[in-house]
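Remarks on the structure that follows.
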Amino acid sequence: MRETVKLISMEGFEFVIDREAAMVSQTIRSMLTSPGGFSESKEGVVTFPDISTTILEKICQYFYWSIQYSRGKETEFHIEPELTLELMMAANYLHT
Amino acid sequence: MMARTIDFAQGWRIMQIGITKLEKHVEGLPGNSINSEQYIKLYTTVYVMCTQKPPHDHTEKLYNKYCEVLEEYTKSTALPSLRKTYDDEYMLLRVLLERWSIHKKMVRRLSRIFHYLDRYFVYRNSLLSLEEVGLACFVDMVYNTLQRRVREAVIAIVDKEREGDDTDIDRALLENIKDIYVEIGMGNMKRYEQDLESFMLEGTASYYSRKASRWIQEYSYFDYIRKSEECVKKEKKRMSHYLYASSEPELVKKVEHELFVVYANKLLEKKHSEFREIAGGLEPITNMFKQHVEDTDGQDTAAIRKVIEVHDKYIVYVTKCLENQTIFHKSLKEAFKFFCSKAVSGSSLSAESLATICDRIIILKKWASEELSDEAIEKVVKFLAYISDDKDLFAEFYKKKLARRLLLNRDASYDHERRIITKLKQQFGGNFTYKMEGMVTDLTLSRQYQNSFDEYVASNPAAKPGIDFNVTLLTTSVWPSYKTFDVNLPSEMVKCVEIFKVFYEAKHKRRKLTWLHSLDTCHINGKFDQKPIDLIVSTHQAAVLLLFNTRDQLNYTDIQTQLNLSHEDLVWVLHSLSCAKYKILIKEPATETVSKNDVFEVNSKFTSRMGRVKIPLSHVDERKKVVEYVNNDRRYAIEASIVRIMKGKKVLGHEQLVSQCVKQLSGMFKPDVKAIKTRIEELIARDYLERDKMNPNMFRYLA
């Protein structure tokens, strides 16, 4: 019974991913696991008003790739060069 | 990603709103939970403020603000509630617990929000992490001021429980409190150990020392031990609630120390004194014995056996329950000494009675096997070791009885006697028993002599004694001294004596034979009217009776001239023949005592159911003689010991001399101090010692 979380970009796009994937981000993880709950741990929705949709999408892909990689499937994660900077900053922000 | 820069004041305003909300939230006020949007906002604010290019790089400021916030928070909320005084210890502890958990929550939330600081700033500058800051805050402000009160409260509760007031001990609370100490340590147990553990241990120690000082007065030794063990057990169980398992060995050690070690000496004393009381409990037994013995004097054996039983019981007691400590053996010994020295109906449970016991044990055939009688003897002997100040007296009595046993019981196996003597040797040393061994050896030798004598007689027709004749050879020094009666033997006997003398001198030229006729037995066949009866009598009695072979009637003076006995001895002999149980001779006048004017004749009417009758000689009370003998012996022993000591030391003070003397002689008997003094004076008179001219208390040895 896999739980899912919803990540919402600045434009309002909703990305529904597995909880496990989302936990790759430390920030999201601490949000979701705090005891006595921030309200989002019950709801499972996190809004990122500062992250664009494209980036957020890439980030979600990254989450899944990361899990796969840690499970042994060593593929490559391709990043389009123009996204790199923003992706890095997002990663920093999300502590990924 | 955002492009705008956030001014610090601006940014902080945003933060403050969030923080206030959070504060309210952790206090439990409803409606203040932070949703994801707000969280993101706060988080982002921090993030941005930290990542902005300088001079807008507010990281450090943020960090400081963070610390401030926490301090403020603690000050305003936790402290006031904890500063109050509480009547009930529980209130204080509960409040503390509450505030601590709230604080923890707060710190956690806040640090999540400010987490970005942790990632780089804190790390790069080796500062305390946000969590650590939070903890430190609490520690400084709350914990340090409170912890003394807290632990006092804890120990008060624990003490209450110890007293048995179990009703509302909130063990969970205590456990949580314990956890606080550990958590505050932030990874190491130092805080726990220093603040809580050591205090608790001390408190425990003082509690038990108080208790112990009371208990030691109130309780008997065993109760005290039992109670203490119970307490140790309880403490072990109890401490799992308010202390960590690591503290257990220390705790147990402390408790034990207070209960046992500190009072070890006192406990020993207690044991000792209690034992004396137990020994004092022997008093009623003494009285019981007194009664017992007063009823029948043959009850000596029973009395002593009982005492030995009691003694055995107490030995088991001492070895098992009291750990066989020498101090108890000592008290037991003293108790029995004391008890035995009290006269049991006049005749003290003394050396003599013990010797009598041994004698009876050996003779009495009711022992199924020799092993049993051996055991019994062993017990008596052991017992003897405890009580006797007069071991040499016992030795003398024993020897006398041994002699009698040996002489009267020709066919006995001497192995049994030998075994017993070996036991005595183990107990008392060879000195004690060497004479006894000599006696037994004599008898075995005698038998050999007898055999060769018989051969000699058989092969030498001229040397025919005419009557059956057995000789037992005793070495003088070894046997107790016996009185010799010089009596004129009837001719038949004289012949025997002569023949043996010749035989013996051939073997040992230079030895002198002294005949002890008082110990002899003769079998005389008396032809009485009804039937002939064999009489077993002593030589003297035989001598008297044989006189009547030639004459029918004799008066006292006749007999005396014929036999050449002293008046006393003759009276004694005649008494046994005429006034005792078996009246072989008729005495005129028929009074109970023999006098010089009496006339005697054979009682031809004498008869008995049995064909053989033993006419005993009335028993002389040898006791006085033995005692006298031993006393003399002792005098010599004391003198010898004094001379020995003085020879070694040359000069010695009076007290030291006396004490050394006592020590030397303690193996055999307890010398009387007065006796020692007299002996010293004697020795001075005989020029063995002299008094020092300057100091009359010092003696010098004169070579």
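The values are calculated or read from the model by the stated rules, or taken from the named source; none is laboratory data. Quantities reported herein were computed from a predicted structural model and do not represent experimental measurements. For neighbour counting, all protein chains shown are included, and Cβ atoms are generated from backbone atoms with ideal geometry for every residue, glycine included.
Mind counting the residues in segment B:89-111 that are at the interface with chain A (Cβ under 10 Å from one of its Cβ atoms) and crowded, with 20+ Cβ neighbours inside 10 Å?
In the first step, residues of segment B:89-111 are kept if they are at the interface with chain A (Cβ under 10 Å from one of its Cβ atoms); the result is B:104-105, B:108-109, B:111.
When the remaining residues are screened for being crowded, with 20+ Cβ neighbours inside 10 Å, the result is B:109, B:111.
Final tally of qualifying residues: 2.
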- Scanning segment A:40-86 residue by residue, those closer than 18 Å to B:Tyr43 by Cα and within 12 Å of the chain's Cα centre (by Cα) turn out to be A:Val45, A:Val46, A:Thr47, A:Phe48, A:Ile51, A:Leu56
- Query: When you scan segment A:1-46 for helices (runs of 4 or more DSSP H) that lie fully inside it, which ones turn up with 2 or more residues that are modelled with pLDDT under 80 and of a type in the set (Asp, Glu)?
  - Reply: A:39-43
- Note on the structure: Exception for B:Gln560 within (1) touching a residue at least 12 places away in the same chain (Cβ under 8 Å); (2) closer than 22 Å to B:Pro490 by Cβ falls at (1)
- Item | Filter result for the condition that a residue is of a type in the set (Lys, Arg), in contact with a strand residue (DSSP E or B) (Cβ under 8 Å, 6 or more places away or on another chain) and under 23 Å from B:Ala542 (Cα atoms), over B:Lys587, B:Lys647, B:Lys596 | B:Lys587
- Query: Counting just the residues of segment B:112-127 that are under 15 Å from B:His58 (Cβ atoms) and not β-branched (Val, Ile, Thr), which one comes out farthest from the other protein chains (Cβ to nearest Cβ)?
  - Reply: B:Asn125
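For segment A:50-96, give me the residue count where each residue is more than 30 Å from B:Gln38 (Cβ to Cβ) and either within 12 Å of another protein chain (Cβ to nearest Cβ) or surrounded by fewer than 17 Cβ atoms within 10 Å (Cβ to Cβ) (or both). Outline the logic, then answer.
Taking segment A:50-96 as the starting set, the residues that turn out to be more than 30 Å from B:Gln38 (Cβ to Cβ) are A:65, A:68-82, A:84.
Checking which are either within 12 Å of another protein chain (Cβ to nearest Cβ) or surrounded by fewer than 17 Cβ atoms within 10 Å (Cβ to Cβ) (or both) leaves us with A:68-82, A:84.
Residues that pass the stated criteria total 16.
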- Query: Can you tell me which residues in segment B:220-262 are basic (Lys, Arg) and surrounded by 20 or more Cβ atoms within 10 Å (Cβ to Cβ)?
  - Reply: B:Lys254
- Among the numbered conditions (1) in contact with a strand residue (DSSP E or B) (Cβ under 9 Å, 6 or more places away or on another chain); (2) in the same structural domain as B:Gly526 (by the TED database), tell me where B:Asn695 comes up short. (2)
- B:Ile467: passes all of (1) more than 23 Å from B:Ala403 (Cβ to Cβ); (2) modelled with pLDDT of 80 or more but (2)
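Does segment B:446-458 include one or more residues that are closer than 25 Å to B:Ser491 by Cα, of a type in the set (A, V, I, L, M, F, W, C) and not in a helix (DSSP H, G or I)? Don't jump to the end; show me each part of the working.
To start, the set of residues in segment B:446-458 that are closer than 25 Å to B:Ser491 by Cα comprises B:446, B:449-458.
Now narrow it down to the ones that are of a type in the set (A, V, I, L, M, F, W, C): B:453, B:457-458.
Now restrict to residues that are not in a helix (DSSP H, G or I): none.
The answer is no; no qualifying residue exists.
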